[in-house]
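Notes for the one structure printed next.
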Amino acid sequence: AQSVTQLGSHVSVSEGALVLLRCNYSSSVPPYLFWYVQYPNQGLQLLLKYTSAATLVKGINGFEAEFKKSETSFHLTKPSAHMSDAAEYFCAVSETSGGGADGLTFGKGTHLIIQP
Amino acid sequence: AAGVIQSPRHLIKEKRETATLKCYPIPRHDTVYWYQQGPGQDPQFLISFYEKMQSDKGSIPDRFSAQQFSDYHSELNMSSLELGDSALYFCASSLREEAYNEQFFGPGTRLTVL
């Protein structure tokens, strides 16, 4: 069975500071990993995905994440926080390989707060 | 670009009533997924369909059922509604031939059970 742990239900950073959101996964097979962002009362928007092509993945809005197999981690970072980054962030894992329709398993989410 | 469409966006029901949620996937997408997100919770996978066949099953209650139609749209049917069913219900879609299981989410249907 797969699972995701997001450390820190709330993270607060100053505008312009580094953003670091932590995600650790557990999977019996090589995983596909995703970061989604959710703004209040909206759906989930994909930020980036890891599909085994490259360990450092760049996504939208200046976010990137690094897959570290030895640490079973997929932490999300952004060099400089912007007020518009304030939202809920979910890390998710899928064990599908070669295509499929498996449901994603999400972490509990991290609420990112940006201080002016 | 076209996105996943869900209807209705908001729904209010009484306990023990039934509800039907609809999902229209992105054009060409052949796979749909349903998720339930309770207040302050992470999304929980319910069920998925590929080419009208159930593909994967998560924590979907027996009171719920779903199907996918020939035009790939999907409906989630919920009976004997309980207060605990109040949640945001997301539909997502993907194209199976594209690997990595990248799912595109709709805006959700907010169900309130009174």
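The values are calculated or read from the model by the stated rules, or taken from the named source; none is laboratory data. From a predicted model like this one, the values you see are computed outputs, not experimental measurements. Because the Cβ atoms are built from the backbone with ideal geometry, glycine has one as well, and the counts that use them run over all protein chains shown.
Quick check, is A:Ala54 in a loop (DSSP other than H, G, I, E, B), away from chain B (no Cβ under 11 Å) and free of Cβ contacts under 8 Å to residues at least 12 places away in the same chain? Working first, answer last.
Numbers: in a loop (DSSP other than H, G, I, E, B): yes; away from chain B (no Cβ under 11 Å): yes; free of Cβ contacts under 8 Å to residues at least 12 places away in the same chain: yes.
Answer is yes for this residue.
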Residue in segment B:15-32 that is β-branched (Val, Ile, Thr) and in contact with an Asp or Glu (Cβ under 7 Å, 6 or more places away or on another chain) present: yes
Would you pick out the residues in segment A:6-37 that are at pLDDT 95 or above and among the polar types (S, T, N, Q)? A:Gln6, A:Ser12, A:Ser14, A:Asn24
Has segment B:59-82 got any residue that is facing another protein chain (nearest Cβ under 8 Å), buried (at least 17 other Cβ atoms within 10 Å of the Cβ) and not hydroxyl-bearing (Ser, Thr, Tyr)? no
For segment B:1-20, give me each residue that is in contact with a Ser or Thr (Cβ under 7 Å, 6 or more places away or on another chain) and more than 14 Å from chain A (Cβ to nearest Cβ). B:Pro8, B:Leu11, B:Ile12, B:Arg16, B:Thr18
Taking interchain pairs and intrachain pairs at least six residues apart, which have beta carbon atoms under 7 angstrom, with the first residue in segment A:76-94 and assigned to a strand (DSSP E or B) and the second of a type in the set (Asp, Glu) and modelled with pLDDT of 95 or more? A:Thr77/A:Glu64; A:Lys78/A:Asp85
Sole exception among (1) touching a strand residue (DSSP E or B) at 6+ places or on another chain (Cβ under 7 Å); (2) modelled with pLDDT of 95 or more; (3) more than 8 Å from every other protein chain (Cβ to nearest Cβ) for B:Phe90, by number: (3)
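Select from segment B:36-58 the residues that are farther than 23 Å from A:Gln42 by Cβ and in contact with a strand residue (DSSP E or B) (Cβ under 6 Å, 6 or more places away or on another chain) and write down the one among them that is farthest from the other protein chains (Cβ to nearest Cβ).
B:Lys52
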